[in-house]
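Data first, discussion second: the structure below is written as structure tokens.
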Amino acid sequence: MDKLDYAILEIMLKELKATGKLSACTRKSIHSKVDLNMDALYRRLKKLLQMGHIANGIQEQKEHTYFVMEAGKKKLQEVME
């Protein structure tokens with residue numbers, strides 16, 4: 001993981017409050033807060049999903065949503081200390 005991955009986790013957790021399936025955020029909402037094109041953001045989210053730091057929430061219309069898992073919260077806390 002690099003700084004951008006941690007920044008994505010922090011944005012999801014602190015700004016978008018994506019902590020559960022119902023409060024999960026869309027890729028568009030993350031994109032509006034991060035300086036990445038949509039394809040690069042998708043790849044980063046896919047990597048964070050595979051690592052178990054985020055999970056899929058309930059779909060919002062046709063869009064996938066994402067929220068931060070406990071593992072992601074702990075990983076973020078480790079680097080913040």
Based on the mean of other Cβ atoms within 10 Å per residue, sort peptides 2-8, 23-29, 56-62 so the most packed one is first. 23-29, 2-8, 56-62
Contour excess over end-to-end distance, with Cα ends at residue 43 and residue 1 and 0.36 nm allotted per residue: 13.9 nm
Counting alpha carbon pairs within less than 8 Å and at least 6 residues apart, what relative contact order, in whole percent, applies to the chain? 34
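Looking only at Cα atoms, what is the convex hull volume of segment 3-80 per residue, in Å³? Each step should come with its number before you reach the end.
Values: hull volume 6.2 nm³, N = 78.
Per residue, the Cα convex hull of segment 3-80 comes to 80 Å³.
Only Cα pairs under 8 Å and at least 6 apart count here; give the relative contact order of segment 37-81 as a rounded whole percent.
On the way: 35 pairs, mean separation 12.6, N = 45.
Result for segment 37-81 is 28 percent.
Once every DSSP H run of n ≥ 4 in the chain is given -39500 (n - 2.57) and the sum is divided by its residues, what mean residue ellipticity at 222 nm do you get, rounded to the nearest 500 deg cm²/dmol? Walk me through the numbers before you get to the answer.
Numbers: 4 runs with 38 residues, N = 81.
Per the formula, -13500 deg cm²/dmol.
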From the backbone phi of segment 38-48, what are the Karplus-calculated ³J(HN,Hα) couplings (6.51 cos²θ - 1.76 cosθ + 1.60, θ = phi - 60°) in whole Hz, Gly and Pro given as x? 4, 5, 5, 5, 4, 4, 5, 5, 4, 5, 5
Counting only residues 5 or more apart in sequence or on a different chain, those whose built amide H sits under 5 Å from that of residue 60 are 65
According to a simple spin-label model (label point 7 Å from Cα along Cα-to-Cβ), what is the distance in nm between residue 34 and residue 50? 1.5
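Bear in mind these aren't lab numbers, they're just calculated from the coordinates by the rules spelled out. This one's a predicted model, so the numbers in the text were calculated from it and none came from an experiment. Here Cβ is always computed from backbone atoms with ideal geometry, including for glycine, and neighbour counts include all displayed protein chains.
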